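Below: one structure, written as structure tokens.
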Amino acid sequence: MTLQENKVRLIDLGKNVTAEWLEKQIDFCIQKLEKNMERYGTAFPSASATNGIYRIKPNDDWTNGFWTGMLWLAYEWTGNDRFLKRALENIQSFQQRLDDHFVLDHHDIGFLYSLSAGAGYRITGDEACKKELLQAADVLTARFQEQGNFIQAWGKCGDPKEYRLIIDSLINLPLLFEAAKISGDASYAETAEKHYRTLLDTVIRENATTFHTYYFDPTNGKPTHGATHQGNSDDSIWARGQSWAVLGIPLNEVSMGATVAPEIYSSVVDVFIENLPSDLVPYWDFDFNDALPSEKDSSALAIAACGLLEASSLDAYPEAASIAAGMIYQLGELYTTKDLPENEGLLLHGVYAHGEGKGIDEPNLWGDYFYFEALMRLAKPEWQRYW
Ligand code: GLY
């Protein structure tokens, strides 16, 4: 299929997305969450499921915010205080995690705190959430490297073996823009913008495909080379990496007046759409296709749909909202667990880290979260995102 054919099919599918259809999908998400909430208590589900069941864990991974974010979505949709109570309990756990600096030596602070304290502040106006968000923003900015102008993704700061940024970091930056807004301290936004510009100049290849990660020389800050971590090869296009760009660029552009990356964005989206196979749900890496199949990563499609819905507010891609609706319709009709009551995920057929054998062909928390977020965006265009 060509880019144009895929777009036409998505737009056609999107026409099936009615208010009733969305309500039915959201009701399904709420019912699943209610059941899961009973089992997890105040603990957290694991990053990905095993045979459709999430392990119960403490608050110790980069993914815990997705669970709390779903509780906030459920609260906003239903007004049911049970979701509010549990989300606020989660936020205390996130505060404890900050106070103990527990498994926070990485850049995924935005994934964790935008969806917990950030959402909490937006929804309740609670000053404790604001304080928590700012404390989290300080943890993230502490990873900024002057040599190279970027926030180091993983490992000990300055370690030459880990001196790199990764495309996923696009979703951690909105926390800094939010911190600047609510504190009046512009330095948070300046750090975010520096990282953003460095990222665009490195991980996005000239043909608008993406590297997963990009290394720098710690002695002089010069960008050295792209490399993968979760993709099929250094030179391949990891589907979720491309979708992080489809979402992350408009999320950040909104805060910068949509001035930094207007041209490259539509090409980044084109790459994603033209690589969709016949059922329009991507293989986990674009090295694979219907002639050379592998597992699908449904989460990448849910992320891309949220990105296109964000982009529609900037007019950054033609018919973005209609295309996003088609993506969500396809997931809703073909990839949810609606006929599998024992499965705890919302979306089937995700991939976490193929090379490491993690979460292959399983639900994962971010796929579930972004599916629910996309439904919320479609059902309530006035809804304020948590990022
Ligand atoms: N941010 C890690 C992942 O997408 O798997």
Quiz item: So Leu104 fits all but one of (1) touching a residue at least 12 places away in the same chain (Cβ under 8 Å); (2) more than 27 Å from Lys57 (Cα to Cα); what number is the exception?
Solution: (2)
Quiz prompt | Qualifying residue in segment 6-23 (condition: more than 21 Å from the chain's Cα centre (by Cα) and either at pLDDT below 95 or on the phi > 0 side of the Ramachandran plot (or both)) | solution = no
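Based on what the data block shows, is Ala180 without any contact (Cβ under 8 Å) to a residue 24 or more places away in the chain and either in contact with a His (Cβ under 6 Å, 6 or more places away or on another chain) or closer than 19 Å to Tyr386 by Cβ (or both)?
Values: without any contact (Cβ under 8 Å) to a residue 24 or more places away in the chain: yes; either in contact with a His (Cβ under 6 Å, 6 or more places away or on another chain) or closer than 19 Å to Tyr386 by Cβ (or both): yes.
Yes: the conditions hold for Ala180.
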Quiz item: Of Leu348, Leu340, which residue is in contact (Cβ under 8 Å) with a residue 40 or more places away in the chain, surrounded by fewer than 24 Cβ atoms within 10 Å (Cβ to Cβ) and closer than 21 Å to Leu10 by Cα?
Solution: Leu348
Quiz item: If Gly125 passes every condition in (1) touching a strand residue (DSSP E or B) at 6+ places or on another chain (Cβ under 7 Å); (2) on the phi > 0 side of the Ramachandran plot but one, which one does it miss?
Solution: (1)
Exercise. Within segment 144-192, track down each residue that is within 16 Å of the ligand (Cβ to nearest atom) and assigned to a loop (DSSP other than H, G, I, E, B).
Key: Gln152, Ala153, Trp154, Gly155, Asn172, Leu173
Exercise. Take segment 226-248 and flag every residue that is more than 16 Å from the ligand (Cβ to nearest atom) and either in contact with a Phe, Trp or Tyr (Cβ under 7 Å, 6 or more places away or on another chain) or among the charged types (D, E, K, R) (or both).
Key: Gly226, Asp234, Asp235
Quiz item: Which ones in segment 351-373 are touching a residue at least 12 places away in the same chain (Cβ under 8 Å), farther than 22 Å from Leu71 by Cβ and not in a helix (DSSP H, G or I)?
Solution: Val351, Ala353, Lys358, Ile360, Asp361
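One residue is enough: does segment 355-365 have a residue meeting the conditions buried (at least 19 other Cβ atoms within 10 Å of the Cβ) and either more than 16 Å from the ligand (Cβ to nearest atom) or within 26 Å of Leu3 (Cβ to Cβ) (or both)?
no
Could you list, in sequence order, all residues of segment 366-387 that are hydrophobic (A, V, I, L, M, F, W, C) and surrounded by fewer than 16 Cβ atoms within 10 Å (Cβ to Cβ)?
Trp383
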Quiz item: Of (1) out of contact with any Cys (no Cβ under 6 Å at 6 or more places or on another chain); (2) closer than 19 Å to Thr68 by Cβ; (3) in a helix (DSSP H, G or I), Val103 satisfies all except one. Which?
Solution: (3)
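One line per residue, one yes/no per condition, for (1) assigned to a helix (DSSP H, G or I); (2) modelled with pLDDT of 95 or more:
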position: Ala304; (1), (2): yes, yes
position: Glu310; (1), (2): yes, yes
position: Asp315; (1), (2): no, no
position: Ser322; (1), (2): yes, yes
position: Ala325; (1), (2): yes, yes
position: Ile328; (1), (2): yes, yes
position: Leu331; (1), (2): yes, yes
position: Lys338; (1), (2): no, yes
position: Glu342; (1), (2): no, yes
Practice problem: Note down all Cβ pairs under 8 Å where the first residue falls in segment 236-254 and is touching a residue at least 60 places away in the same chain (Cβ under 8 Å), the second is of a type in the set (Asp, Glu) and away from the ligand (no atom under 15 Å from the Cβ), and they're at least six residues apart or on different chains. | Solution: Leu247/Glu310; Pro250/Glu310; Leu251/Glu310; Val254/Glu310
Quiz item: Between residues in segment 286-299 that are farther than 19 Å from Phe370 by Cα and of a type in the set (Ser, Thr, Tyr) and residues that are within 15 Å of the ligand (Cβ to nearest atom) and at pLDDT 95 or above, which pairs lie under 8 Å by C-beta distance while being six or more apart or on different chains?
Solution: Ser294/Trp284; Ser294/Asp285; Ser294/His354
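Scan segment 106-128 for residues that are part of a loop (DSSP other than H, G, I, E, B), farther than 15 Å from Lys181 by Cβ and more than 15 Å from the ligand (Cβ to nearest atom) and jot them down.
Asp126, the sole residue that qualifies.
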Practice problem: Return a yes/no flag: does segment 131-141 have any residue that is in contact with a strand residue (DSSP E or B) (Cβ under 8 Å, 6 or more places away or on another chain), within 16 Å of the ligand (Cβ to nearest atom) and over 22 Å from Ile182 (Cβ atoms). | Solution: no
Quiz item: Hey, among the residues in segment 99-121 that are surrounded by fewer than 20 Cβ atoms within 10 Å (Cβ to Cβ) and in contact with an Asp or Glu (Cβ under 7 Å, 6 or more places away or on another chain), which one's farthest from Asn172 (Cα to Cα)?
Solution: Phe102
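Quick check: anything in segment 129-138 without any contact (Cβ under 8 Å) to a residue 60 or more places away in the chain, assigned to a loop (DSSP other than H, G, I, E, B) and small (Gly, Ala, Ser)?
no
The values are calculated or read from the model by the stated rules, or taken from the named source; none is laboratory data. Keep in mind that what you see is a predicted model, and the values were worked out from it rather than measured. Methodologically, a virtual Cβ is constructed for each residue, glycine included, from the backbone with ideal geometry; neighbour enumeration extends over all protein chains shown.
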